[in-house]
């Protein structure tokens, strides 16, 4: 089992990494399945992550169940390994590798647990990691990234890798004023991604993570008189409600390791070797 998690509340890019991991494992001949809690799932299709993962990985079994052991049993006859989504704090299940994602923009959540900060557990928990991946490494200055890496390495002997989320928009909006809208854990990351694509986010609508968009929200956004730019996670909820005009513009991101990603590839090789050894 490959666990993907983080230390902070908020988005570090787990879903793009899960997509990347499933593709990498399949390239190695594995048959992965995804286990998620299903936070704020609504209806038979699960939450926004479930819908997005199904669009990209239609033939990879994915179960959203707070009891992930039971969820895993339900697909055991179709898979030979599991990717445990948001699993770093889910101690009941054995995992062969714990991958912990750290967002370079907000790496340590104020360095405190709630109510003061946004850490799920103290930084010393990094000692349990099998690999730490610092994401959005391209969206902070080099000296800031270096500082994050030093703090991480002070708390773990695990390999530390860096990665980016390569973005693309379905429409070239470089130089255009846009309305940025999102309901994700890390809106600052999306702001910087939109800016990196050359757009000018002159207005924003920032909603709570996993916000269930309403027709009133859609009327507000579509009537703003600006191109509306959203993430893929927002798009899966907005599309069923969105009018024919104006168009909704979606920014997609792809997980890309830096420096050839040998540490990350080694994790996938390890899982594939365990599967082959059974």
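Values quoted throughout were computed directly from the atomic coordinates according to the rules given, and no laboratory measurement underlies them. Please read all numbers here as calculations on a predicted model, not as lab measurements. A quick note on method: Cβ atoms are made from the backbone with ideal geometry, for glycine too, and the neighbour counts reach across all protein chains shown.
If I model a spin label at residue 207 and residue 274 as a point 7 Å from the Cα along the Cα→Cβ vector, what separation in nanometres do I get?
Between residue 207 and residue 274, the simple spin-label model gives 3.7 nm.
Which value at 222 nm does the chain reach when only helices count, each DSSP H run of 4 or more adding -39,500 (n - 2.57), with the total divided by all residues and rounded to the nearest 500 deg cm²/dmol? Before the final figure, lay out each step's value.
On the way: 8 runs with 82 residues, N = 278.
Using -39500 (n - 2.57) per qualifying helix, the result is -8500 deg cm²/dmol.
Measure nothing but the geometry: give the 0 to 90° angle between the long axis through the Cα atoms of 262-276 and the longest principal axis through the Cα atoms of the chain, rounded to 10°.
Taking the Cα atoms of the chain, the angle to 262-276 is about 60 degrees.
What is the chain's relative contact order, in percent, from Cα pairs under 8 angstrom and six or more apart in sequence?
Averaging sequence separation for qualifying contacts and normalising by length gives 21 percent for the chain.
Output the antiparallel fraction of DSSP beta bridges having both residues in the chain, as a percent to the nearest 5.
Counting DSSP beta bridges with both partners in the chain, the antiparallel share is about 20 percent.
Can you give me the distance in nm between label points at residue 128 and residue 116, each placed 7 Å from the Cα along the Cα-to-Cβ direction?
2.2
How big is the shadow of the Cα convex hull of region 167-253, averaged over all directions, in nm²?
With the hull built on Cα positions only, its mean projection is 4.9 nm².
Using packing as a proxy for protection, rank 166-174, 22-30, 180-188 so that the peptide with the highest average count of other Cβ atoms within 10 Å comes first.
For the peptides 166-174, 22-30, 180-188, the packing ranking is 180-188, 22-30, 166-174.
Where does region 1-96 land on the Kirkwood hydrodynamic radius, alpha-carbon pairs, in angstrom? Spell out each step's value before the answer.
Values: mean 1/r = 0.0749 Å⁻¹.
Radius from the Kirkwood sum: 13.4 Å.
GNM on the chain, C-alpha springs below 10 Å: top fluctuator among 263, 49, 143?
With Cα springs under 10 Å in the chain, the top fluctuation among 263, 49, 143 is at 143.
By how many degrees, 0 to 90 and rounded to 10, does the Cα axis of helix 14-27 deviate from the longest principal axis of the chain?
Taking Cα atoms only, the helix is inclined about 50 degrees.
Could you compute the FRET efficiency for residue 259 and residue 176, with r as their C-beta to C-beta distance and R0 at 41 Å, rounded to 0.05?
0.75
Report the full-extension gain for the segment residue 78 to residue 155: residue separation times 0.36 nm, less the Cα-Cα distance, to one decimal in nm. Display every interim value, and only then the final one.
Values: separation 77, 0.36 × 77 = 27.72 nm, distance 3.77 nm.
Gain in length upon complete extension: 24.0 nm.
Using only the alpha carbons of the chain, determine the length spanned along each of the three principal axes and report them from longest to shortest in whole angstroms.
Principal-axis extents of the chain (Cα, largest first): 57, 45, 38 Å.
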